[in-house]
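These notes concern the structure reproduced below.
Computed from the coordinates by the stated procedures, all read-outs in this text should not be read as laboratory data. This is a predicted model, so every value here is computed, not measured. Positions of Cβ are generated from backbone atoms using ideal geometry, with glycine treated the same way; all protein chains shown enter the neighbour counts.
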Amino acid sequence: MRKNVCMFVWNHFTNDARVLRECTALSEENYNVDLICIHDPKDKELPRYEERNEHFKIYRVRRYPVLLEFMQKCYRMCMKNKLLGALVFLVWLYLAILQPIIVLPLTAIALLALKTKLSVIWVRGSIIVRMIAKGFHNKYDIYHSNDLNTLPQGYICSKWRLRKRKLVYDSHEVQTSRTGYNSPLYGKFEAFFIKRMDAMIVENHTRAKYNEDFYGFYPEVVHNYPFKPNGNTNEKLPLHEMLGLPGNEKILLYQGGIQTGRGLDKLIKAAPLFNEGTLVFIGDGKIKTQLEQMVKENKLEEKVKFIPKVPLADLPKYTRNAYLGFQVLNNVCFNHYSASSNKLFEYMMSGVPVVACDFPEIKRVVEKEKVGICVDSHNPEEIAAAVNKLLEDQNLRNELSANCEKAKHNYNWEMEKRLFIPIYKKLV
């Protein structure tokens, strides 16, 4: 008899490769999987409900509270139409004179909700409540929380009941040392829940050892390896044509989130030192505008190109156009230092050698499999030297590419899921 799994993830589930792999693997075994994520109202094509296969369903909960959306819409209308704004103000003034005890506090609450961080708390709180409500909706045997921001949902759904259910905590990041999570409250928050779960999964053994030192136990390790390509693995999309580049131009590729701490500013500083080739960024993120401005200020528009995030299924068709790929995380936190980034293996699957940071998990793979060159990722000159070495020595580049083709048979999800599925078997 199939067991029922409820999985939570705090995103729109459009490009989350790890969660997709885990859900698919469970659905192919003896499990029914319901994934609860967040709807994106800006994406008109994104459905609230999907069936990926007979045993894997996706539910996207509403992002914004109805009342907050209504208030924001009214506010925007009043700001846009001055006559309407004046009329609303006169009505408000009339009501405030008649019922000040009711109207003035409500006005203060509305202003706080629209103009302060209270709106963020309201939005996030409502998402959590909707996720919990959905998590209680069906009879599940196991709850699976991806990262700290869905751990309360999993804990409440699995443990706040007469007959407790199993809870899996799948930590994709090091929650106590990562960019944007500087408060010690995150560590205390995680420590509270970590004592109340039934299994924990981390991405690699460096992070597992860190967890052991921090919390006193060694969690399960499931590496973030991609699906092994099948079918036509040589298929490409015309990236050169899209960018207006000659067909023989060497594309020096970064793909992934355009976020702080990923060494992307160092790549732009290194770009003028590249002997040839065009640096291409595929992705979106918080610092993309800042990087585009940096390119403009340094007059590098012909040397550096940007394209938006592409669908996960199409990404390899872009990647295969690259002469080499970059994974140059900076050591801004232990989360980055300990990463065994999915990008490294995505390049590998497409036969693309890498210029990579010399952090332990990444360096171990790159040097063991001879699929690239490790550098000091904080040093633009050293990055450029590695790039130029691969540009000048095409035989070396082709040798590294051939090694990628060999290594992909070991670093893939088809192999790694053999470690993932037994975690669930132990729970049931």
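Normalised by the residues of the chain, what does the relative contact order come to in percent, with Cα pairs under 8 Å and at least six apart? Working shown, then result.
Working: 699 pairs, mean separation 56.8, N = 428.
That works out to 13 percent.
Over 18 Å between Cα atoms: which of Lys305/Lys408; Lys228/Lys417; Lys236/Lys303; Lys44/Lys134; Lys286/Lys317 fall into that group?
Details: Lys305/Lys408 28 Å; Lys228/Lys417 12 Å; Lys236/Lys303 22 Å; Lys44/Lys134 22 Å; Lys286/Lys317 25 Å.
Lys305/Lys408; Lys236/Lys303; Lys44/Lys134; Lys286/Lys317, as the Cα separations exceed 18 Å there.
Given bins 10 angstrom wide, list per bin the percent of all Cα-Cα distances in the stretch 219-343, short to long.
Computed distribution, short to long bins: 11, 41, 35, 11, 1.
Amide H to amide H, which residues 5 or more places from Val33 or on other chains are under 5 Å from it, using H placed in the peptide plane?
Close amide H contacts, sequence-distant or interchain: Val5, Phe56, Lys57.
At most 14 other Cβ atoms within 10 Å and a DSSP loop assignment: could you name the chymotrypsin sites (Phe, Trp or Tyr not before Pro) in the stretch 174-219 that fit?
Phe217
Which order do peptides 252-261, 386-395 fall in by mean Cβ count within 10 Å, highest first?
252-261, 386-395
For the chain, count the residues as N, evaluate 2.2 N^0.38 Å, and divide the Cα radius of gyration by that value, please.
Relative to the rule-of-thumb radius for its length, the chain sits at 1.12.
Percent relative contact order of the stretch 239-411, based on C-alpha pairs within less than 8 angstrom and at least six residues apart?
Computed value for the stretch 239-411: 23 percent relative contact order.
Kindly work out what percent of the DSSP beta bridges joining two residues of the chain are antiparallel, to the nearest 5.
Among the beta bridges of the chain, antiparallel pairing accounts for roughly 10 percent.
Tell me which residues come under 5 Å, amide H to amide H, from His144 once H is placed; ignore anything under 5 positions away on its chain.
Cys6, Met7, Phe8, Val168
Divide by every residue of the chain the summed helix terms, -39500 (n - 2.57) for each DSSP H run of at least 4, and state the resulting mean residue ellipticity at 222 nm, rounded to the nearest 500 deg cm²/dmol.
Dividing the helical sum by the residues of the chain leaves -14500 deg cm²/dmol.
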